[in-house]
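Presented below is the structure to which this report refers.
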Amino acid sequence: MSSRVDLREQITALLRTRDFPGLVNLAGRDSKAAPMLLQFLYDPRDLLQWRAIEGLGHVAAVYPRQVQKLIGRLLWLLNEDSGSFGWGAAAALGEIGRGQISVVKEIIPMFCGYLEEEFSRESMLWGVGRLAEVHPDRLDEVTPMVAELLGHDDPQIRGLAAWCLGKTKYRAAAPALKELLGDERPVRLYEGGDFRDTTVARMARTALAPMNGSG
C-alpha cells in the first residue's frame with residue numbers, strides 16, 4: 001500500500017483527469033483510497049470535490065462494501081453536532097446510490113430531512129438529481145419535496161430543483177416549472193466533469209421537455 005501522502009497525490013492526479021477506471025483500480029489495490037475521497041468534500045467551488053463525489057459512485061459500483069463502510073461517516077458529516085463543513089456529503093449519498101442503489105436504499109427517506117436543512121439542501125438536490133437519472137422510481141417520497149423548492153428564494157435552489165424534476169419526469173410539477181420560464185437568474189451546475197453556468201429558465205425549459213414528450 002502507498003503512504004497517505006503518495007495515495008492522496010495519486011488520487012488527486014486521477015481526479016484532475018477524471019480517470020475513474022484508474023481510481024476504481026486504485027481502490028481495488030488499496031482499501032484506503034475510498035475513505036480518502038471524503039477528504040475532498042469540503043469546498044463546492046473546488047472542481048476536485050465534485051470529481052471525488054463522482055469517484056465515490058464509480059467505486060461503489062464495483063466495490064460496494066468499501067463504500068458501505070463510509071455511509072456512517074457521510075451521515076455524521078450531515079449531523080449538526082459534527083461541527084464539520086462536509087458540504088458535499090449529501091451529494092455523495094446520491095451519487096453513491098446512482099452507482100450502487102443497495103448501499104443507500106434504506107436511507108433514502110432521510111434525504112427529505114437533508115432537503116429541509118439549509119446547509120445540505122443544495123448538495124442534496126444535486127445528489128437527488130444524479131440518483132434520479134438512474135433510479136427515479138426510488139424517489140417517490142422525495143420528489144414532492146423537491147417540487148416545493150421551485151418557489152424557493154434562492155435561484156440556485158430553484159434551478160437545481162427544476163433540474164431534479166426533469167430527471168424524475170414529475171408531471172405534477174409542470175405548472176410550477178412553467179412559471180419559471182421567465183426567470184433568468186443565474187445557476188451553476190456541475191455536470192459532465194465541469195461547471196456549467198445556466199439560468200433557472202433554461203433549467204425549467206429542459207425539465208419540461210420530457211414531460212411534454214412521449215416519455
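Observations
- Leading residue by the ranking (modelled with the highest pLDDT) among those in segment 149-180 that are among the basic types (Lys, Arg) and in contact with a Gly (Cβ under 9 Å, 6 or more places away or on another chain): 158
- Conditions (1) touching a Leu at 6+ places or on another chain (Cβ under 7 Å); (2) surrounded by fewer than 15 Cβ atoms within 10 Å (Cβ to Cβ): number failed by residue 96: (2)
- Yes/no for residue 165 being buried (at least 18 other Cβ atoms within 10 Å of the Cβ), in contact (Cβ under 8 Å) with a residue 40 or more places away in the chain and not polar (S, T, N, Q): yes
- Screening segment 2-23 for residues that are among the small types (Gly, Ala, Ser) and modelled with pLDDT of 95 or more and picking the one that is farthest from residue 50 (Cα to Cα) gives 22.
- Selection status of residue 199, outside the structural domain of residue 77 (by TED's automatic domain parsing) and either under 22 Å from residue 95 (Cα atoms) or of a type in the set (A, V, I, L, M) (or both): no
- Qualifying residues in segment 51-83 (those that are exposed (fewer than 15 other Cβ atoms within 10 Å of the Cβ) and in a loop (DSSP other than H, G, I, E, B)) - the one modelled with the lowest pLDDT: 83
Each row is one residue, and each column tells you yes or no for (1) touching a Pro at 6+ places or on another chain (Cβ under 6 Å); (2) farther than 25 Å from residue 42 by Cβ; (3) of a type in the set (A, V, I, L, M).
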{"residue": "74", "(1), (2), (3)": "no, no, yes"}
{"residue": "93", "(1), (2), (3)": "no, no, yes"}
{"residue": "98", "(1), (2), (3)": "no, no, no"}
{"residue": "102", "(1), (2), (3)": "no, yes, no"}
{"residue": "123", "(1), (2), (3)": "no, no, no"}
{"residue": "128", "(1), (2), (3)": "no, no, yes"}
{"residue": "139", "(1), (2), (3)": "no, yes, yes"}
{"residue": "145", "(1), (2), (3)": "no, yes, yes"}
{"residue": "151", "(1), (2), (3)": "no, yes, no"}
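Residue-wise test of (1) of a type in the set (D, E, K, R); (2) free of Cβ contacts under 8 Å to residues at least 24 places away in the same chain.
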{"residue": "3", "(1), (2)": "no, yes"}
{"residue": "15", "(1), (2)": "no, no"}
{"residue": "32", "(1), (2)": "yes, no"}
{"residue": "36", "(1), (2)": "no, no"}
{"residue": "39", "(1), (2)": "no, no"}
{"residue": "44", "(1), (2)": "no, no"}
{"residue": "48", "(1), (2)": "no, no"}
{"residue": "52", "(1), (2)": "no, no"}
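- Figure legend. Inter-residue proximity from segment 172-185: first residues under 11 Å from residue 203 (Cα atoms), second residues of a type in the set (Ser, Thr, Tyr), beta-carbon distance below 6 Å, spacing 6+ or different chains. Indicated pairs: 184/199.
- Taken across segment 110-132, residues that are outside any helix (DSSP H, G or I), under 30 Å from residue 16 (Cβ atoms) and in the same structural domain as residue 72 (by TED's automatic domain parsing) do not occur at all.
The values are calculated or read from the model by the stated rules, or taken from the named source; none is laboratory data. Please read these numbers as outputs of a predicted model, since none were measured by experiment. Positions of Cβ are generated from backbone atoms using ideal geometry, with glycine treated the same way; all protein chains shown enter the neighbour counts.
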